[in-house]
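In what follows, a structure is listed as structure tokens, so that the remarks can point back to it.
Just so you know, all these numbers are worked out from the coordinates, no wet-lab data involved. Just so you know, these numbers come straight off a predicted model, no measurement behind them. Glycine gets a Cβ as well: all are built from the backbone with ideal geometry, and neighbour counts include every protein chain shown.
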Amino acid sequence: MARREDPESDRVGELAPGDFELFRHLPHLLRRAHFEAEALFPLVYGDQVTSRQLALLTVVGQRPGLSQSAVAQQIGIDLNTCSDLVARLVAKKLLRRERSQVDGRTYALYLAPKGLPVFEEGVQRAPDYRQSVARRLSPAEHERLVALLRRLLGLESSKL
């Protein structure tokens, strides 16, 4: 059988220009920073909850009675993912959900009695977690990075 020539194989150099630097590519750096932060999370918080679960408990602890869709929007996840997180936290007896008094089609979320200490511990340990994630930055660099990320996400004028 004759070997077919692949005209695309001659273009490899064109497809990966020498001026592209992966370690200066913002999406790649954001992904790596996210993975590093996720790896540090259980070292500070243990393994009772994940970082997303703690984010959800934090929002609900600070604003009891929010709908699942409002919580999803606050923590930046889709509604299906939020529903899954809520189901897991309800199963762990850290969260309770009730039909909304305002709109019976939606659920309002509240911390369950076992969820309150998890929320409180999460808030107490937040400075340690923040420090471990930002350990290579000065305080000024940390503040600048947070400001830039908020701007990148369109949150600079938000109270989120």
Notebook entry, point to check: Going toward the positive end of the dipole of the chain, with +1 on Lys and Arg Cβ and -1 on Asp and Glu Cβ, which of L153, L137, T81 do you reach last?
Noted result: T81
Next item on the list: Amide H neighbours of L95 under 5 Å, at least 5 residues apart or on other chains, H built in the peptide plane: list them.
Entry: V90, A112
Margin query: Neighbour counts of other C-beta atoms within 10 Å: give me L54, L29, L40 arranged from fewest to most.
Written below: L29, L40, L54
Next item on the list: Could you work out the local net charge near G46, counting Lys and Arg as +1, Asp and Glu as -1, over the other residues with Cβ closer than 13 Å to its Cβ?
Entry: -2
Check: Fewest to most neighbouring Cβ within 10 Å: what's the order for S138, S69?
Finding: S138, S69
Item checked: nm² value of the averaged projected area, convex hull over the Cα atoms of region 64-135 -> 5.5 nm²
Notebook entry, point to check: Which of the trypsin sites (Lys or Arg not before Pro) found in region 100-160 are in a DSSP loop and have at most 14 neighbouring Cβ atoms, other than their own, within 10 Å?
Noted result: R105, K114, R135, R136, K159
Item checked: Ratio Rg/Rh [Cα only; Rh per Kirkwood] for the chain -> 1.15
Notebook entry, point to check: Taking 0.36 nm per intervening residue step and subtracting the Cα-Cα distance, what contour gain separates K114 from L29 on full extension?
Noted result: 26.9 nm
Check: Are there any helices in the chain, counted as whole DSSP H runs, that stretch 27 Å or more along their axis by Cα and score at least -0.5 on average by Kyte-Doolittle, and if so which?
Finding: 26-45
Next item on the list: Treating only the Cβ atoms of Lys and Arg (+1) and Asp and Glu (-1) as charged, compute the dipole magnitude of region 49-132 about its Cα centre; round to the nearest 20 debye.
Entry: 200 debye
Check: How do E121, E98 line up, fewest other C-beta atoms within 10 Å first?
Finding: E98, E121
Check: How large is the charge dipole for the chain, taken about the Cα centre, if only the Cβ atoms of Lys, Arg (+1) and Asp, Glu (-1) carry charge, to the nearest 20 debye?
Finding: 800 debye
Checklist line | 5 angstrom amide H check on A108, placed H, neighbours 5+ away | finding: E98, R99, S100
Note to self: At 0.36 nm per residue, and after removing the present C-alpha to C-alpha distance, how many nm does the segment from R151 to Q73 gain when stretched out fully?
What the structure shows: 26.4 nm
